[in-house]
């Protein structure tokens, strides 16, 4: 992208998803676009002070150069954008050689597993380039099951975001952050995953469960049929927009069950009431 008034630290989003490896040199920004289906999408540049320029349909994933604009001061006369190389090539950097195995602890993958992992990574890259994002995420997940890195988590999150699995994308971005913060070699990945996590949170709704105090003995809480561990009772839970059912039950109490409409970027508070049954009062 070329333009003016770009400031160091500016971020770029494509259809709400963060671009990675953003670099600014004078009036030019280069970046690697996130995975996305073919077609025009909105392009946004945001300076660190919050000033931004939005160009509706300013970038195309159709593989041909597109003339558009994107400058931090809104100047629409000079800027041009064009598709970059297919994103995710960095995934190749996570391949393991046989020499790596000695440094991987007491239970490293076997040589055969390394070969399988490499095949899964290549399949993932090929699927991404074809726009088969669900397959790409699944293949990357198979590689991660053999040996995972924050880079693979990032790749999976990007692919899941590309076909609308924003909750799974958010989860993998969050796990990328947790895993990357313990490994100094993945500092850049942590930054990229934080950007993606933030973008996914805007596309998801949040559910906070408000439980009675004191808690009834042996209470069980479910959100969207999933049992919630007690340590997570007071935390926000992220879901794709739509109806989400909250349930709670405990021996001697009337069961609670209610559906809530969850909207993107908003919090829905579920206040749980558990009246005691008459025979237990």
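The values are calculated or read from the model by the stated rules, or taken from the named source; none is laboratory data. Note that the structure is predicted; figures quoted are calculated from it, not measured. Please note: Cβ atoms are built from the backbone with ideal geometry, for glycine as well, and neighbour counts cover all protein chains shown.
Output the residues belonging to the range 231-244 that are surrounded by 16 or more Cβ atoms within 10 Å (Cβ to Cβ) and part of a strand (DSSP E or B).
Correct list: 237, 238, 239, 244.
Taking interchain pairs and intrachain pairs at least six residues apart, which have beta carbon atoms under 7 angstrom, with the first residue in the range 254-278 and within 11 Å of residue 223 (Cβ to Cβ) and not assigned by TED's automatic domain parsing to the domain that holds residue 215 and the second at pLDDT below 95 and surrounded by 12 or more Cβ atoms within 10 Å (Cβ to Cβ)?
Nothing qualifies.
Counting only residues that are over 10 Å from the mean Cα position of the chain (by Cα) and either surrounded by 19 or more Cβ atoms within 10 Å (Cβ to Cβ) or assigned to a helix (DSSP H, G or I) (or both), how many does the range 164-183 have? Let's see the steps before the verdict.
Taking the range 164-183 and keeping what is over 10 Å from the mean Cα position of the chain (by Cα), we get 164, 177-183.
Then keep just the ones that are either surrounded by 19 or more Cβ atoms within 10 Å (Cβ to Cβ) or assigned to a helix (DSSP H, G or I) (or both); that gives 177-180.
Number of matching residues: 4.
Tally the residues that are under 19 Å from residue 57 (Cβ atoms), part of a loop (DSSP other than H, G, I, E, B) and either at pLDDT below 75 or out of contact with any strand residue (DSSP E or B) (no Cβ under 9 Å at 6 or more places or on another chain) (or both), restricting the search to the range 13-32. Walk me through how you get there before you give the answer.
Going residue by residue through the range 13-32, those that are under 19 Å from residue 57 (Cβ atoms) are 13-19, 29, 31.
Then keep just the ones that are part of a loop (DSSP other than H, G, I, E, B); that gives 15-16, 19.
Now narrow it down to the ones that are either at pLDDT below 75 or out of contact with any strand residue (DSSP E or B) (no Cβ under 9 Å at 6 or more places or on another chain) (or both): 19.
Adding up the residues that qualify gives 1.
Which residue pairs have Cβ atoms closer than 7 Å, lie 6 or more positions apart in sequence or on different chains, and pair a first residue in the range 108-131 that is under 11 Å from residue 142 (Cβ atoms) with a second residue that is in a loop (DSSP other than H, G, I, E, B) and at pLDDT below 85?
What qualifies is 117/96; 117/109; 117/147; 121/95.
Restricting attention to the range 255-267, which residues are more than 21 Å from the chain's Cα centre (by Cα) and either closer than 23 Å to residue 165 by Cα or surrounded by 13 or more Cβ atoms within 10 Å (Cβ to Cβ) (or both)? Step through it out loud before you land on a result.
First, pick out the residues of the range 255-267 that are more than 21 Å from the chain's Cα centre (by Cα): 255-261.
Within the range 255-267, 256, 258, 259, 260, 261 qualify.
I'd like to verify a number: residues in the range 216-230 that are part of a loop (DSSP other than H, G, I, E, B), on the phi < 0 side of the Ramachandran plot and touching a residue at least 24 places away in the same chain (Cβ under 8 Å), how many?
From the range 216-230, those part of a loop (DSSP other than H, G, I, E, B) are 216-219, 224-225, 228-229; that's our starting set.
Adding the requirement that they be on the phi < 0 side of the Ramachandran plot leaves 216-217, 219, 228-229.
Narrowing the set further to residues that are touching a residue at least 24 places away in the same chain (Cβ under 8 Å) leaves 216-217, 219.
Looking only at that region, the number is 3.
Could you list, in sequence order, the residues of the range 202-225 that are loosely packed, with under 14 Cβ neighbours inside 10 Å, under 23 Å from the mean Cα position of the chain (by Cα) and closer than 14 Å to residue 260 by Cα?
The answer is 225, and nothing else.
Could you list, in sequence order, all residues of the range 146-168 that are closer than 17 Å to residue 132 by Cα and touching a strand residue (DSSP E or B) at 6+ places or on another chain (Cβ under 9 Å)? Lay out the reasoning, then the answer.
Step one: of the range 146-168, the residues closer than 17 Å to residue 132 by Cα are 152, 154-166, 168.
Passing the criteria: 154, 158, 161, 162, 166.
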